[in-house]
Ligand SMILES: *Cc1c(COP(=O)(O)O)cnc(C)c1O
């Protein structure tokens, strides 16, 4: 071996800004299926998928082939300068795949945060209203506007303000921590706050993750999303679903909104869209999307041809391998094991999530007091034993699992064995 992870870590310390962290200190050599291998040949079972990005797996064969072919034809012309077919084809796919039978349009960007920013731009432009309503525990990105939309201070916002205005936060439905409020009641609580404190007629957009990601894999109570959807329709508010983490078969459907039959006006997409290449999108009602003047949306790299080729190949892979079904199967196998662990371990307050987006919330036994130290310890034990896991949650006490949807049964079982051992 020419280089060790330790040497690379030293070089990194002298070259890379400290503010950019990493979950593990090993350096990747290659990855595929359900594993990641470092430069020294050590292997991890991958329960992270690069934060819900490599749903089709790393270096998925169709993606590799499509990228290779595109990179030899042309690498960049800028769609705003000289357009090309793959951008149009990705938009056609997204318009067809996202929930809702109405006429849609899409625009492509580079990152999730950029998609969220553009959804807000479009909603404000189309409605002529300023306010954006977001929820407790929400995560929408790290740019200035999306920091304002994101709930958690450390590490995302601390000393990075001042933040963008006209952002209003209301309570989320969080069954474990809101006394088990039913969905419609939790929605009524949020809506009343908006009506009293903001005024519905001032609200451009209601922005929500159908299952929260960084905020702790919070699954709202049944009926919460439909009630908000209904209110938004009545109030002329644009309902924006941030499906950046939940999208592209992660939860066992193409999109998490589909579980309750909710049709958003706009959807923000990124992460799982292109098999690991940077791409993001806003997809939604044609009349909203097309309200913006020509030249009002765009960016140098948005919908880069290599990323578009990768997205078309990733979407084809999701479809051909029926990775939505794979996500449901992962959810079943993993859910059974997690519930088994939880039955024996009083630190686990709840197992939750959907499909291949599951988590456990860890507390001081017999209370709802979050235990981030125990969470970090279990996660570290997993890393040491060869399983890559991530934590999340406002209180840092949620251990989340996001395997690539192509993980093998054997890899999944080995990962769960390590996890079970880590809980001790
Ligand atoms: C990751 C994420 C974002 C931000 O995406 P980036 O590509 O990191 O900018 C926004 N919303 C949700 C729900 C996310 O999970």
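The values are calculated or read from the model by the stated rules, or taken from the named source; none is laboratory data. Just so we're clear, the structure is a prediction, and the values are computed from it rather than from any experiment. Glycine gets a Cβ as well: all are built from the backbone with ideal geometry, and neighbour counts include every protein chain shown.
Points to keep in mind about this one:
- Some residue of region 291-304 being part of a helix (DSSP H, G or I) and either more than 16 Å from the ligand (Cβ to nearest atom) or crowded, with 24+ Cβ neighbours inside 10 Å (or both): no
- Residues of region 155-190 classified as under 22 Å from residue 219 (Cα atoms) and free of Cβ contacts under 8 Å to residues at least 12 places away in the same chain, total: 3
- Residue match in region 396-409 (condition: more than 23 Å from residue 211 (Cα to Cα), surrounded by fewer than 22 Cβ atoms within 10 Å (Cβ to Cβ), assigned by TED's automatic domain parsing to the domain that holds residue 42 and at pLDDT 95 or above): yes
- Scanning region 357-370 for residues that are in contact with a helix residue (DSSP H, G or I) (Cβ under 9 Å, 6 or more places away or on another chain), in contact (Cβ under 8 Å) with a residue 24 or more places away in the chain and farther than 24 Å from residue 53 by Cα turns up 362, 363.
- Where a residue in region 45-56 is under 21 Å from residue 315 (Cβ atoms) and its partner, wherever it lies, is within 14 Å of the ligand (Cβ to nearest atom) and in a strand (DSSP E or B), with Cβ under 9 Å and at least six apart: 51/390; 52/357
- Residue 213 part of a loop (DSSP other than H, G, I, E, B) and within 10 Å of the chain's Cα centre (by Cα): yes
- For region 87-132, a residue qualifies if it is in a strand (DSSP E or B) and within 16 Å of the ligand (Cβ to nearest atom), and the qualifying residues are 107, 108, 109, 132.
- Residue in region 191-212 that is within 16 Å of the ligand (Cβ to nearest atom), in contact (Cβ under 8 Å) with a residue 40 or more places away in the chain and out of contact with any strand residue (DSSP E or B) (no Cβ under 7 Å at 6 or more places or on another chain) present: yes
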